[in-house]
Every structure is written in structure tokens, then in C-alpha cells.
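Values quoted throughout were computed directly from the atomic coordinates according to the rules given, and no laboratory measurement underlies them. On a predicted model such as this, the values are computed, not experimentally measured, just so you know. Reconstructed Cβ throughout: ideal geometry from the backbone, glycine too, with neighbour counts over all protein chains shown.
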Amino acid sequence: MEELVRRARDGDIKAFEGLVEAYKNKGFALSYSILGDRYSAEDVLQEAFIKAWRSLRSLRNISAFNTWFMRIIINLSYNEVKKRRREVSIDDFEDLVAMVNMGAEDKVDIQKALKSLSVDHRAILILREIDGLSYEEIADVLGIPLGTVKSRINAARMKMREILKEEG
Amino acid sequence: MRCEEARSLLSEYLDGMLDEEAGLKVKLHIKECAVCMRQYDDMLEERRLIGLMAGIGPSAGFTERVMSTIRESLNPYLVLPVPLMGIFALVFMGLAMGQAIYRLLSIYLTVASGVITSVLKVYSNSIFVQAEIISMLAITMIALIFLFDRLLKGAGR
Ligand SMILES: [Zn+2]
């Protein structure tokens with residue numbers, strides 16, 4: 001993977017295409033969890049990849065690509081959320097149902113949890129569980145202290161537990 | 001260890017973030033305490049649920065759409081020499097009728113500009129393409145010098 005990042009940084013479009021393939025699902029889970037509908041999630045993800053391609057040359061530490069890219073997605077997604085405060089919110093995770101192959105009960109649970117969690121809680125859980133980032137990496141990506149990462153993950157899990165407990 | 005303390009550490013315990021001593025204490029506590037064990041199981045279930053999100057992804061053709069947007073936005077300064085070389089090629093064609101060397105050069109430039117255009121679509125701003133463009137320009141300059149040399153000799157006669 002590092003070889004792919006190195007070649008892409010040196011301007012190899014084919015290598016960058018490999019990175020898009022490798023990171024599109026992880027990145028999508030992140031933007032989708034923040035934004036809540038697949039269309040804006042996809043738009044933001046595309047924008048993030050284009051931004052990454054343009055600024056890849058400034059990436060000094062190749063092994064930091066993962067966190068660097070996640071930070072781009074986070075920033076673009078949060079910008080979109082800010083813009084949207086003034087607009088009507090869209091789907092709210094409805095289209096998750098169409099996307100994944102999972103049991104009906106699980107779908108209901110995930111939708112319920114995502115809908116009720118705050119944006120910050122959703123983002124941090126995805127960074128941890130889907131992107132597999134360490135606490136230090138999450139602190140770096142979100143620009144918050146390590147102590148806040150610990151307490152926020154804990155709070156997000158507590159909150160999710162509460163939500164899933166409601167009405168059985 | 002009390003329940004309250006154990007529960008505040010469960011999340012970090014799940015992520016393997018506790019040091020050995022604290023980890024062991026939590027482990028022993030949840031072994032003994034059914035209530036905290038239940039809470040730990042709930043967290044494992046949450047992890048499984050969130051993990052299912054790994055199965056989602058952008059719609060089909062996403063990679064192609066991203067890549068074609070990127071190819072369209074290639075640096076214009078790198079693509080610029082290509083049409084310039086085409087013009088040089090035409091000038092040579094016109095001026096160097098009958099001279100095999102110029103004819104060869106103009107064919108070379110026409111072919112090379114085509115090759116570079118397609119290489120650019122794949123590799124964009126790689127060092128390889130930059131070197132190729134520089135060598136193309138060098139060949140063009142040498143050819144120009146030849147041409148002027150010939151014209152001057154023609155004028156001197
Ligand atoms: Zn207990």
C-alpha cells in the first residue's frame with residue numbers, strides 16, 4: 001500500500017486509481033455516517049479524492065496517508081453538515097437498507113442508532129470500528145486531545161447502548 | 001474494583017487501551033460481576049453492528065467517475081508543449097520540402113506529440129513525462145538551428 005501511495009505521489013495516475021479502489025468503501029462509511037444520505041456522501045467522497053490527488057505532493061510521511069485522507073473526508077463532510085443546517089435534512093440513513101446485505105433486525109438497529117447519535121459520536125465510532133484507527137490517530141485526525149478521544153468513544157458507546165435498549 | 005470504575009474503563013478495555021494492571025482488574029471484575037459483563041457484551045454487539053457498515057460503499061462506476069474528473073483536470077502547463085510541437089512539425093513540413101532529414105524530424109515530432117498526449121493521460125506529472133518533454137524540446141531546438149543554418153547558407157549564395 002505504501003508503494004502505491006509513493007507512486008501516486010510521484011504523479012502515477014494508475015497508482016492513484018488503486019488507492020481510490022482501496023479506500024473508497026472505508027471513506028464512504030465515514031462520509032455516509034456523518035451526512036446520512038448516499039448522494040451527498042458520494043459527492044463528498046469524490047471531492048475528497050480529487051483534493052487528495054491535488055495535494056498528495058505535500059504529503060511528507062507516506063505511512064500517514066490513511067489518517068491524512070480521513071482528515072480530508074472529515075473536514076469536507078463537516079463543512080457540508082454546516083452548510084446543511086440551513087437546509088432540509090435528507091434521507092437520514094434510509095438508503096442504508098438498499099445498500100447492504102444484512103439481517104432485517106440489524107438494519108433496523110443500525111439505522112436507529114445512527115439516527116439518534118450525534119454527528120461527532122457517529123464519526124468517532126466509524127473511525128474506530130471501520131477504519132481501525134488507534135486512539136492517537138483519531139486524536140490526530142479530529143484535532144482533539146487523547147483524553148477527549150477516550151471519553152468521546154466511551155460516551156458514544158454508552159449512548160448507542162441506551163438507544164438500542166429503548167423499546168427492547 | 002467497583003462497578004462504577006469498571007464501567008468507566010470498559011470502552012478502553014474493549015479497545016485494548018488499558019495497561020496490563022488495569023486491564024487485568026477489569027477482566028477479573030467482569031468475570032465476577034454479571035451486570036458489568038452484560039454491559040461489556042452489549043459493547044461487543046455494538047462493535048459488530050457498526051462493523052456491518054464496512055459492507056457499504058459508493059455506487060458502481062465511482063472509481064471511473066473520480067478518475068475521469070482527475071484526468072480532465074491535468075496541469076495545462078504540461079499539456080501545452082504538445083500542440084506547440086505539432087506546430088513545429090507543420091513548419092518543418094512546409095520549409096523542408098525535399099530534405100529527408102526534416103521530413104523525418106517532422107514525422108518524429110508528430111508521432112511523439114501523440115505519444116506524449118496519451119502518456120500524460122495515464123501518468124500526468126511524473127518525472128518520466130517531464131524528461132520526455134524536455135528531450136523533445138531539445139530535439140526541436142537542434143532541428144531549428146539546422147534549419148536556420150540552411151536558410152543562411154541559401155541566402156549567402
Ligand atoms: Zn460490576
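The C-beta contact set for region A:143-168 (first residue within 13 Å of another protein chain (Cβ to nearest Cβ), second residue outside any helix (DSSP H, G or I), distance under 7 angstrom, 6+ apart or interchain) comprises A:Ala156/A:Leu117; A:Lys159/A:Leu117; A:Met160/A:Leu117.
Against the definition (of a type in the set (A, V, I, L, M, F, W, C) and under 23 Å from A:Leu4 (Cα atoms)), how does A:Ile34 come out, yes or no? In short, no. Within region B:19-28, the set of residues being more than 11 Å from the ligand (Cβ to nearest atom), in a helix (DSSP H, G or I) and within 14 Å of another protein chain (Cβ to nearest Cβ) comprises just one member, B:Ala22.
The rows are residues; the columns are (1) within 22 Å of A:Lys159 (Cβ to Cβ); (2) assigned to a loop (DSSP other than H, G, I, E, B); (3) facing another protein chain (nearest Cβ under 10 Å).
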site: B:Glu4; (1), (2), (3): yes, no, no
site: B:Met17; (1), (2), (3): yes, yes, yes
site: B:Ile30; (1), (2), (3): yes, no, no
site: B:Tyr40; (1), (2), (3): yes, no, no
site: B:Met43; (1), (2), (3): yes, no, yes
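Just wondering, is there one or more residues in region A:104-120 that are within 14 Å of another protein chain (Cβ to nearest Cβ), within 20 Å of B:Gly55 (Cβ to Cβ), assigned to a loop (DSSP other than H, G, I, E, B) and free of Cβ contacts under 8 Å to residues at least 60 places away in the same chain? Within region A:104-120 (the criterion being within 14 Å of another protein chain (Cβ to nearest Cβ), within 20 Å of B:Gly55 (Cβ to Cβ), assigned to a loop (DSSP other than H, G, I, E, B) and free of Cβ contacts under 8 Å to residues at least 60 places away in the same chain), the answer is yes, since at least one residue qualifies.
Looking at this structure, is A:Lys26 facing chain B (nearest Cβ under 9 Å), touching a residue at least 60 places away in the same chain (Cβ under 8 Å) and either part of a helix (DSSP H, G or I) or hydroxyl-bearing (Ser, Thr, Tyr) (or both)? So A:Lys26 passes the test. Among residues of region B:6-15 being more than 10 Å from the ligand (Cβ to nearest atom) and in a helix (DSSP H, G or I), the one that is farthest from the other protein chains (Cβ to nearest Cβ) is B:Tyr13. Looking across region B:29-57, the residues that are more than 10 Å from the ligand (Cβ to nearest atom) and either touching a residue at least 40 places away in the same chain (Cβ under 8 Å) or β-branched (Val, Ile, Thr) (or both) come down to B:Ile50, B:Ile56.
Just the residues that are acidic (Asp, Glu), buried (at least 18 other Cβ atoms within 10 Å of the Cβ) and in a helix (DSSP H, G or I), please, taken from region A:121-138.
A:Glu129, A:Glu137
Just one of the listed residues (A:Leu76, A:Leu117, A:Leu164) is surrounded by 17 or more Cβ atoms within 10 Å (Cβ to Cβ) and out of contact with any Asp or Glu (no Cβ under 8 Å at 6 or more places or on another chain), and it is A:Leu117.
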